[in-house]
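Participant: Below are the structure tokens for one structure; questions will follow.
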Amino acid sequence: MRTTTLASTGLTPSAVVLGMMRIADKSDDEIRALVRAGIESGVNHIDHADIYGHVEHQCEERFATALNLTPSERDGLIIQSKCGINAAGNYFDFSAERIIGQVEGSLQALRTDRLDLLLLHRPDALVEPEEVARAFDTLEQQGKVRYFGVSNHTPGQIELLKTAVRQPLVVNQMQHSIAHASLVAAGLAPNMESLPQSVDRDNDTINYCRMANVTLQAWSPFQAGFFQGSFLGDYDRYGALNGVIDRLANSYGVAPVSIATAWILRHPASWQVVLGTTTPDRVRDACRGADITLTRPEWYELLKAAGYTIP
Ligand SMILES: NC(=O)c1ccc[n+]([C@@H]2O[C@H](COP(=O)([O-])OP(=O)(O)OC[C@H]3O[C@@H](n4cnc5c(N)ncnc54)[C@H](OP(=O)(O)O)[C@@H]3O)[C@@H](O)[C@H]2O)c1
């Protein structure tokens with residue numbers, strides 16, 4: 001499995017990350033089989049959030065109970081979690097008290113003494129960078145969090161945090177897939193008034209992250225919209241795209257999900273793909289995709305088949 005480097009951390013995470021958002025109702029055996037499939041395929045990076053599950057910290061707790069990691073197994077994994085969303089109240093909260101409290105809840109649920117990475121999950125419009133800095137300093141000094149990052153943040157929001165936060169922000173986790181590709185598609189068609197794709201929805205996040213050494217993590221890598229189901233195998237809505245994916249899968253001798261993974265990782269920014277599948281075979285197939293390098297014509301053909309314009 002290909003790895004990437006997280007700037008200024010010394011960590012070498014796998015290109016594929018196992019996301020734990022959908023494990024709440026899975027049995028211990030199913031969770032073990034899922035994580036084992038990832039580890040045997042070279043995955044060393046696990047993505048959690050305090051809000052995953054029916055109640056706070058549920059998926060973190062399910063993971064810890066099912067895996068019951070030995071200290072050396074724990075040391076072999078990069079475990080990241082997120083905070084900053086108050087799901088019950090439907091608002092965002094980057095206060096120091098909330099950030100510190102949620103990390104302590106995550107550590108308890110995960111039965112570990114530290115998070116390798118903590119991400120701020122979604123931007124808080126009421127963010128005060130000094131509050132975030134106070135929380136990060138406290139968590140770092142107490143050894144509870146090693147490295148920090150963000151999720152769903154624009155360049156301006158990251159720069160605002162950096163006015164007070166001392167630690168490098170090494171990750172930005174964003175929604176990205178062939179069928180949800182505005183991160184790359186807008187930049188292909190700047191200033192074209194008649195083309196909706198031309199609207200820059202994220203303030204040029206990819207180029208900012210490349211210049212600022214921020215690794216991008218693609219969440220929902222096989223979803224078309226915002227939790228509207230996978231485009232893989234959906235021939236009604238994504239017939240042309242699935243046609244190209246199936247042809248390439250045949251020619252590379254892999255599964256369609258491998259091609260969808262390879263498409264994200266072909267982009268030369270530092271990328272990781274955060275899987276959400278709970279099916280071990282799909283994990284194995286996605287990991288195979290990390291070792292495929294699509295050609296430039298193949299990459300563009302897939303983007304075009306998803307409905308984007310190549311001007
Ligand atoms: N930062 C954020 O704001 C944010 C938001 C959402 C998610 N995340 C993270 O990103 C991870 C991935 O998100 P996601 O679960 O939405 O992503 P995903 O990997 O694109 O979607 C997985 C879902 O698609 C289903 N699926 C159907 N056909 C599939 C196929 N052929 N191949 C693979 N999956 C197929 C899976 O079903 P089966 O389980 O039955 O295989 C599963 O329900 C989450 O676990 C979480 O860690 C982050």
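The values are calculated or read from the model by the stated rules, or taken from the named source; none is laboratory data. The shown structure was predicted, so the numbers you read here are calculated from the model rather than taken from an experiment. FYI the Cβ positions are ideal-geometry reconstructions off the backbone, even for glycines, and counts take in every protein chain you see. Please note that ligands, DNA and RNA were not included when accessible areas were found on the heavy atoms of the full protein model with its side chains. Shrake-Rupley method; radii C 1.70, N 1.55, O 1.52, S 1.80 Å.
Participant: Being open to solvent by less than 50 Å² (accessible area, probe 1.4 Å), within 12 Å of the ligand (Cβ to nearest atom), of a type outside the set (D, E, K, R) and closer than 22 Å to Q167 by Cα is the requirement here; does C59 meet it?
Facilitator: Working: open to solvent by less than 50 Å² (accessible area, probe 1.4 Å): yes; within 12 Å of the ligand (Cβ to nearest atom): yes; of a type outside the set (D, E, K, R): yes; closer than 22 Å to Q167 by Cα: no.
Spelling it out, it is not the case that C59 is open to solvent by less than 50 Å² (accessible area, probe 1.4 Å), within 12 Å of the ligand (Cβ to nearest atom), of a type outside the set (D, E, K, R) and closer than 22 Å to Q167 by Cα.
Participant: Do the conditions hold for A15, that is, is it more than 16 Å from the ligand (Cβ to nearest atom) and either touching a residue at least 60 places away in the same chain (Cβ under 8 Å) or surrounded by fewer than 17 Cβ atoms within 10 Å (Cβ to Cβ) (or both)? Lay out the reasoning, then the answer.
Facilitator: On the way: more than 16 Å from the ligand (Cβ to nearest atom): no; either touching a residue at least 60 places away in the same chain (Cβ under 8 Å) or surrounded by fewer than 17 Cβ atoms within 10 Å (Cβ to Cβ) (or both): yes.
No; evaluated as a whole, the condition is false for this residue.
Participant: Of (1) surrounded by 16 or more Cβ atoms within 10 Å (Cβ to Cβ); (2) under 17 Å from the mean Cα position of the chain (by Cα); (3) more than 15 Å from the ligand (Cβ to nearest atom), M174 satisfies all except one. Which?
Facilitator: Only one criterion is unmet by M174, namely (3).
Residues are listed down the side, and each one gets a yes or a no for (1) within 23 Å of R266 (Cβ to Cβ); (2) modelled with pLDDT of 95 or more; (3) open to solvent by 10 Å² or more (accessible area, probe 1.4 Å); (4) in contact with a Pro (Cβ under 6 Å, 6 or more places away or on another chain):
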site	(1), (2), (3), (4)
L11	yes, yes, yes, no
D28	no, yes, yes, no
S41	yes, yes, yes, no
A49	no, yes, no, no
S72	no, yes, yes, no
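Participant: With the requirement that a residue be within 12 Å of the ligand (Cβ to nearest atom), open to solvent by 10 Å² or more (accessible area, probe 1.4 Å) and in contact (Cβ under 8 Å) with a residue 24 or more places away in the chain, what does segment 239-257 give you? Walk me through how you get there before you give the answer.
Facilitator: Keep residues of segment 239-257 that are within 12 Å of the ligand (Cβ to nearest atom), which gives 242, 245-246, 249, 255-257.
Pick out the ones that are also open to solvent by 10 Å² or more (accessible area, probe 1.4 Å) and you get 246, 255-257.
Within segment 239-257, A255, P256, V257 qualify.
Participant: Applying the selection to segment 94-115, what residues are within 9 Å of C83 (Cβ to Cβ), touching a helix residue (DSSP H, G or I) at 6+ places or on another chain (Cβ under 9 Å) and not aliphatic (A, V, I, L, M)?
Facilitator: Matches in segment 94-115: F94, R98, G105, S106.
Participant: Let me ask something else about it. Regarding P155, is this residue in contact with a Ser or Thr (Cβ under 8 Å, 6 or more places away or on another chain), open to solvent by less than 20 Å² (accessible area, probe 1.4 Å) and at pLDDT 95 or above? First the steps, then the outcome.
Facilitator: On the way: in contact with a Ser or Thr (Cβ under 8 Å, 6 or more places away or on another chain): yes; open to solvent by less than 20 Å² (accessible area, probe 1.4 Å): yes; at pLDDT 95 or above: yes.
When the stated conditions are applied, P155 passes them.
Participant: Pull up segment 271-311, narrow it to residues that are part of a helix (DSSP H, G or I) and open to solvent by less than 10 Å² (accessible area, probe 1.4 Å), then point me to the one that is nearest to G253 (Cα to Cα).
Facilitator: At the first step, the residues of segment 271-311 found to be part of a helix (DSSP H, G or I) are 280-289, 296-305.
Next cut, open to solvent by less than 10 Å² (accessible area, probe 1.4 Å) only: 283, 286-287, 289, 302-303.
Values: V283: 16, A286: 13, C287: 14, G289: 11, L302: 17, L303: 21 Å.
Per the stated criteria, the residue is G289.
Participant: Follow-up question, since we're still on this one. Would you check if G229 is modelled with pLDDT of 95 or more, near the ligand (Cβ under 9 Å from one of its atoms) and open to solvent by less than 70 Å² (accessible area, probe 1.4 Å)? If you could, list the steps in order and put the result at the bottom.
Facilitator: Numbers: modelled with pLDDT of 95 or more: no; near the ligand (Cβ under 9 Å from one of its atoms): yes; open to solvent by less than 70 Å² (accessible area, probe 1.4 Å): yes.
So G229 does not fit the description; no.
Participant: Can A109 be described as small (G, A, S) and surrounded by fewer than 21 Cβ atoms within 10 Å (Cβ to Cβ)?
Facilitator: Details: small (G, A, S): yes; surrounded by fewer than 21 Cβ atoms within 10 Å (Cβ to Cβ): no.
When the stated conditions are applied, A109 does not pass them.
Participant: Continuing with the same structure: Kindly indicate which of A133, A164 is surrounded by fewer than 20 Cβ atoms within 10 Å (Cβ to Cβ) and under 30 Å from A64 (Cα atoms).
Facilitator: Numbers: A164 fails: under 30 Å from A64 (Cα atoms).
A133 is the lone residue from the list that is surrounded by fewer than 20 Cβ atoms within 10 Å (Cβ to Cβ) and under 30 Å from A64 (Cα atoms).
Participant: Would you be able to tell me the number of residues in segment 196-222 that are open to solvent by 30 Å² or more (accessible area, probe 1.4 Å) and in contact (Cβ under 8 Å) with a residue 12 or more places away in the chain?
Facilitator: The first filter runs over segment 196-222 and keeps only residues open to solvent by 30 Å² or more (accessible area, probe 1.4 Å), leaving 196, 199-201, 203-204, 207-208, 210-213, 219.
Pick out the ones that are also in contact (Cβ under 8 Å) with a residue 12 or more places away in the chain and you get 199-201, 203-204, 207-208, 210, 212-213, 219.
Qualifying residue count, segment 196-222: 11.
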